[in-house]
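The values are calculated or read from the model by the stated rules, or taken from the named source; none is laboratory data. What you are looking at is a predicted structure, and each value in this text was computed from that prediction instead of being measured. Here the Cβ is made from the backbone with ideal geometry for all residues, glycine too, and neighbour counts use every protein chain on show. For accessibility, only protein heavy atoms count, side chains too; no ligands or nucleic acids. Shrake-Rupley method; radii C 1.70, N 1.55, O 1.52, S 1.80 Å.
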Amino acid sequence: LIAVMLAVAAVTLLTWRQHGFPRTGIDDANIFFSYAENLASGRGFTYAQNSEPVEGFTSMLWTLICAAMFAVGLNEAGVFAFTFSLFVATQCLFLGAIRKAVPPTVRNVRFLQVMYIALILSTPGYITWMTITLMAVSLWGFIVAVMTYLLVLPPRTKLTIFIAALAFGFAPIARPEALLVAPA
């Protein structure tokens, strides 16, 4: 786990450097941040300096998370730390799903996990998309990873049933495509 975290951190840093160390995200992150800043400062769901409430973001949950970070003064740095944490957690969940999905008779589970991490770490575009863009995709990727893990290892205890309910319940407010993915 620590080796995975360190490898992901190193490759994320290299990817961030490759993009010139952007501090405010890329693309739609600035839309989320405009809404988050306005929500955190009490102006509601407004874009830019407009006074009219308007919904122009794709993830209510991500907007609320960013607003909470902005409200406590963490701003983009806090969002990056959270995004990176979600990215690492997502990879750990997928590694666990690989371990649980492979039958016990197969001896190369570790090889499959190493191959998965090697593929992830060799894809700067994916790392960019999931971390330094500061968009909702890291949250969505984490929720998909939780749902995948729960498909491989169905919940049996009250705690895991609660976690499943959270993942599937939060999915529609995390991304619109969850209306298709979560029921499927």
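Just a few scattered comments:
- Where a residue in segment 63-85 is part of a helix (DSSP H, G or I) and its partner, wherever it lies, is of a type in the set (Lys, Arg), with Cβ under 7 Å and at least six apart: Glu76/Arg23
- Segment 31-64, subset out of contact with any helix residue (DSSP H, G or I) (no Cβ under 7 Å at 6 or more places or on another chain) and of a type in the set (Val, Ile, Thr), residue surrounded by the fewest Cβ atoms within 10 Å (Cβ to Cβ): Val54
- Counting only residues that are in a helix (DSSP H, G or I) and either more than 19 Å from Pro172 (Cα to Cα) or touching a Phe, Trp or Tyr at 6+ places or on another chain (Cβ under 6 Å) (or both), segment 30-60 holds 11 of them.
- Residues satisfying the stated conditions in segment 121-144, i.e. of a type in the set (A, V, I, L, M, F, W, C) and either at pLDDT 90 or above or farther than 11 Å from Val88 by Cα (or both): Leu121, Trp129, Ile132, Leu134, Met135, Ala136, Val137, Leu139, Trp140, Phe142, Ile143, Val144
- Selected residue [touching a Pro at 6+ places or on another chain (Cβ under 8 Å) and within 25 Å of Val102 (Cα to Cα)] from Ala164, Ala178, Ala118: Ala164
- Near pairs, Cβ below 9 angstrom, 6+ apart or cross-chain, from segment 113-127 (in a helix (DSSP H, G or I)) to any residue that is open to solvent by 50 Å² or more (accessible area, probe 1.4 Å) and among the charged types (D, E, K, R): Gln113/Arg99
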